[in-house]
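To start, the structure under review is shown below, and the notes come after it.
The values are calculated or read from the model by the stated rules, or taken from the named source; none is laboratory data. Here the structure is a predicted model, which means the values were calculated and not measured. All Cβ positions, even for glycine, are placed from backbone atoms using ideal geometry, and neighbour counts span all protein chains on display.
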């Protein structure tokens, strides 16, 4: 089965940091979350319109999808979809995307 999504280098780094932080406390949970993330992203790639817009953060080129307490930002019109970031929802998202200089 081909992947329905692509992780940008930034998104790959985001996911790695998240999983490493979880693994510090519970390596088994980190592996489970990794598998669930990949399955969820695959599902998202099959149905990219399920995400929602955040016009106050980024233009309509991007959609957002919530996964547990994380927010996945992605370009949804490309095939495969492109995951641009994975960030904890408690972060200041406006500051995060401004820092990443994503327009």
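Cβ separations smaller than 6 Å between residues 6+ apart or across chains give the following pairs from the range 3-20 residues that are over 15 Å from residue 77 (Cα atoms) to residues that are part of a helix (DSSP H, G or I): 19/30; 19/34. Cβ-Cβ distances below 9 Å connect no pair with a first residue in the range 70-83 that is on the phi > 0 side of the Ramachandran plot, a second residue that is assigned to a strand (DSSP E or B) and modelled with pLDDT of 95 or more, and a separation of six or more residues or different chains. Residues that are over 16 Å from residue 67 (Cα atoms) and under 15 Å from the mean Cα position of the chain (by Cα) within the range 5-35 comprise 6, 8, 9, 10, 13, listed in sequence order.
Name every residue in the range 82-99 that is surrounded by 14 or more Cβ atoms within 10 Å (Cβ to Cβ) and in contact with a strand residue (DSSP E or B) (Cβ under 7 Å, 6 or more places away or on another chain), in order of residue number. Residues satisfying the conditions are 82, 83, 84, 85, 86, 87, 88, 93, 96.
Summed over the range 36-91, residues that are over 20 Å from residue 4 (Cβ atoms) and within 10 Å of the chain's Cα centre (by Cα) total 2.
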